[in-house]
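**Q** Pasting a structure here, questions to come.
The values are calculated or read from the model by the stated rules, or taken from the named source; none is laboratory data. None of the values given here were measured: they were computed from a predicted structure. Cβ placement follows ideal geometry from the backbone for every residue including glycine, while neighbour counts extend to all protein chains displayed. In case anyone asks, the SASA skips ligands and DNA or RNA and just uses the protein heavy atoms, side chains included. Shrake-Rupley method; radii C 1.70, N 1.55, O 1.52, S 1.80 Å.
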Amino acid sequence: QVQLVESGGGLVQAGDSLRLSCAASTRPFSRHSMAWFRQAPGKEREFVAAVSWTGGITNYADSMKGRFTISRDNAKKMVYLETSSLKPEDTAVYYCAATSRSDWTNPQSYNYWGQGTPVTVSS
């Protein structure tokens, strides 16, 4: 079973950058595609970005393209989300997730979830 633990969230100002990290705890990590989702208060969970298990293929939600970068280090069993030019509307709890399926943007495709790390962007 994959266990995921996110870190790196916090309170930042608009325009700032933040690096979120996700640590996985099992060997099958390298056979799973990994993703970041986010959920703002009162809203549904939203796809942010995903990366293939080799790291060679990435996918981003349109509103995150050019501002967020997802990457992974299979040797360290880590996934990262580099965020920049943060906006108040990026405020949410950010979740790391793992899947062996191909529909990356659908949260129902993901077998494993972390507990989330909150990001608050002040204006």
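**Q** Using a 1.4 Å probe on the protein chains only, how many percent of the accessible area of the stretch 56-123 belongs to carbon and sulfur?
**A** 46
**Q** So if each residue of separation counts as 0.36 nm, and I subtract the Cα-Cα distance between residue 16 and residue 43, what length gain in nm does that give?
**A** In short, 7.4 nm is gained.
**Q** Tally the DSSP beta bridges in the chain and give the antiparallel ones as a percent, rounded to 5.
**A** 90
**Q** For a label point 7 angstrom out from the Cα of residue 89 toward its Cβ, which stretches of the stretch 3-34 have the backbone nitrogen within less than 20 Å?
**A** Those under the cut-off are 12-18.
**Q** A further question follows. Between residue 7 and residue 115, with labels modelled 7 Å along Cα→Cβ, what's the label distance in nm to one decimal, could you check?
**A** 1.3
**Q** Now a separate question. Using a Gaussian network model of the chain with C-alpha springs under 10 Å, which one of 55, 42, 66 is most mobile by mean-square fluctuation?
**A** 42
**Q** Shifting gears a bit: Under a cut-off of 17 Å between alpha-carbon atoms, report the aspartates and glutamates in cross-link reach of residue 65, not counting same-chain residues fewer than 8 places apart.
**A** Cα-Cα hits under 17 Å: 16, 46, 82, 89, 90.
**Q** Another question about this same structure. Report the Stokes-Einstein translational diffusion coefficient (µm² s⁻¹, integer) for the chain, Rh taken as the Kirkwood radius over Cα pairs, at 10 °C with viscosity 1.306 mPa s.
**A** Estimated diffusion coefficient is 113 µm²/s.
**Q** Leaving out ligands and nucleic acids, note down the accessible area per residue over the chain with a 1.4 angstrom probe, in whole Å².
**A** 52
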